[in-house]
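To start, the structure under review is shown below, and the notes come after it.
Every number in this text was worked out from the coordinates using simple rules, so none of it is lab data. Quick caveat: nothing in here was measured; it's all calculated off a predicted structure. Please note: Cβ atoms are built from the backbone with ideal geometry, for glycine as well, and neighbour counts cover all protein chains shown.
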Amino acid sequence: MKQIKKIREKLARHELVIGTHIKTPDPSITEFFALRGVDFVWIDGEHIKMTGDIIYGHTLAAQAHGTAAIYRVPWNKPEYAKPVLDM
């Protein structure tokens, strides 16, 4: 949640918030962008099937470098969102 707070503070100061769209199961891509200082990565679970292990890998890669990880669930159903929230 620290990363989201940082984004909110930047938005309140009318600063630019930079992020990218992740559409690959390889978390090293997330780490690549996180190491370059993006504020967030948007992990697309709608257009590519991702297992819990893959989602968790992306989240760890982002958070290890101070980047917020935002996951898009494949559909608006609790059974898709709850496991991700539990992570």
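Some values worked out for this structure:
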| quantity | calculated |
| --- | --- |
| Built amide H within the under 5 Å cut-off of Y71, gap 5+ | I43 |
| Space enclosed by the convex hull of the alpha-carbon atoms of segment 1-59, per residue, Å³ | 86 |
| Highest-MSF residue in the chain out of L16, L60, L35 [GNM, Cα springs under 10 Å] | L16 |
| Gain on full stretching of the segment that runs from A12 to I70 - 0.36 nm per residue minus C-alpha separation | 18.9 nm |
| Computed helical MRE - 222 nm, the chain, DSSP H runs ≥ 4 contributing -39500 (n - 2.57), nearest 500 | -14000 deg cm²/dmol |
| Residue among A61, A34, A12 with the largest mean-square fluctuation in a Gaussian network model of the chain, springs linking Cα atoms under 10 Å | A12 |
| At R0 = 22 Å, FRET efficiency that the Cβ-Cβ distance of D53 and K2 yields, to 0.05 | 0.40 |
| Under 20 Å from K82, Cα to Cα: aspartates and glutamates that are on another chain or at least 8 residues apart | D44, E46, D53 |
| Tensor-based shape of segment 26-87 (alpha-carbon gyration tensor, a/c under 1.5 rounded, otherwise prolate or oblate) | prolate |
| Charge dipole magnitude, Cβ of K and R +1, D and E -1 - the chain, Cα centre, debye nearest 20 | 320 |
